[in-house]
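Here is the structure we will look at.
The values are calculated or read from the model by the stated rules, or taken from the named source; none is laboratory data. Predicted model, so just to flag it, every value in this text is computed and none were measured. Heads up, the Cβs are rebuilt from the backbone with ideal geometry, glycines too, and the neighbour counts pull from every protein chain shown.
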Amino acid sequence: MKSYKAYAKVNIFLKVTGRRGDYHEILSRFVLVNDLYDTLTFVAKESDDFVIEGAFNCETKQNTIYKAYLALFEATKSDSLERLMQSHAIKVEKKIPSFAGLGGGSSDAATYLLMCNEVLHLGLSRTELASIGSKVGADVPFFVYGYRSANVSGIGEIVQEFDEPALRIKTVTPNIDISTPKVYQGFREHFYKELSKDEYKRLSNISSIDALKEMTPTEANDLFEPALLLYPKLEKQHKEGWFFSGSGSSFFTVLA
């Protein structure tokens, strides 16, 4: 069967703008990393169990792909979807590091939704798939739309394409396990600040290259300072000209 690429992303900037229930509202520029991706393929199997083949450090029921399956089945009640996953496993060749601020789990989930929609001819629009994906994770809608660059706001469900040239991005992921909830909690307790309407508008319209030229790593990503506070080893991993993606632990730079 055909293989599908699930690309990584970086956050050029990430500003926390508020809270909605258990989620944080943000304004962020998401940009795809063109040469870093997982590869997903449906492969035939014998057992009826839901099977994900790949190097994952979580149980199947905690995997975002399985959660995407449940959300898609809940939305469609598709017998063909159920039969597909009884006869086929989803094979994932992992290249995106897990829990690294690069969106690997969300990208896998989004790609799975797109695969099922295409293979099973479900006829769902990208908007419908993004709505389903939002139940799996806040970053999933961005990957469903497949934009090269986009402003992402709300809790991740508002995705607006940003027209700019493709960027050559290099990433590095230190071997430091970071807890996203702890980093957000650290931000709320020690670094919380309001984002003005003028700054919101400015960031929404600035090119990614100009944003990186004008902002320091701590100015660009609200989560960098709390991450440094909670995980001091990050300081030794940070190099001049590199920026922090998401809640970490990855850093990225733009190549000329």
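Give the stretch 237-250 a look and list any residue that's buried (at least 24 other Cβ atoms within 10 Å of the Cβ) and at pLDDT 95 or above, or say none.
Result: Phe243, Phe244, Ser245, Ser250.
Kindly evaluate Tyr69 against the criterion of being surrounded by 14 or more Cβ atoms within 10 Å (Cβ to Cβ), among the hydroxyl-bearing types (Ser, Thr, Tyr), touching a residue at least 40 places away in the same chain (Cβ under 8 Å) and part of a helix (DSSP H, G or I).
yes
Name the residues in the stretch 159-175 that are within 30 Å of Leu234 (Cα to Cα) and not in a strand (DSSP E or B), would you?
Once the filter is applied, which keeps residues that are within 30 Å of Leu234 (Cα to Cα) and not in a strand (DSSP E or B), the stretch 159-175 yields Ala166, Leu167, Thr173, Pro174, Asn175.
Condition first: more than 17 Å from the chain's Cα centre (by Cα) and closer than 18 Å to Tyr23 by Cβ. Can you find one or more residues in the stretch 168-184 that meet it?
Within the stretch 168-184, one or more residues are more than 17 Å from the chain's Cα centre (by Cα) and closer than 18 Å to Tyr23 by Cβ.
Is it the case, given these coordinates, that Lys182 is surrounded by 14 or more Cβ atoms within 10 Å (Cβ to Cβ) and either in a helix (DSSP H, G or I) or touching a His at 6+ places or on another chain (Cβ under 8 Å) (or both)?
So Lys182 passes the test.
One residue is enough: does the stretch 147-158 have a residue meeting the conditions assigned to a helix (DSSP H, G or I) and within 22 Å of Phe251 (Cα to Cα)?
The answer is no, given that none of the residues of the stretch 147-158 is assigned to a helix (DSSP H, G or I) and within 22 Å of Phe251 (Cα to Cα).
Among the residues of the stretch 211-251, write down those that are among the polar types (S, T, N, Q), more than 20 Å from the chain's Cα centre (by Cα) and part of a loop (DSSP other than H, G, I, E, B).
Thr216
Going by what's in this entry, would Leu27 be described as within 15 Å of the chain's Cα centre (by Cα), more than 18 Å from Ala100 (Cα to Cα) and not basic (Lys, Arg)?
Yes: the conditions hold for Leu27.
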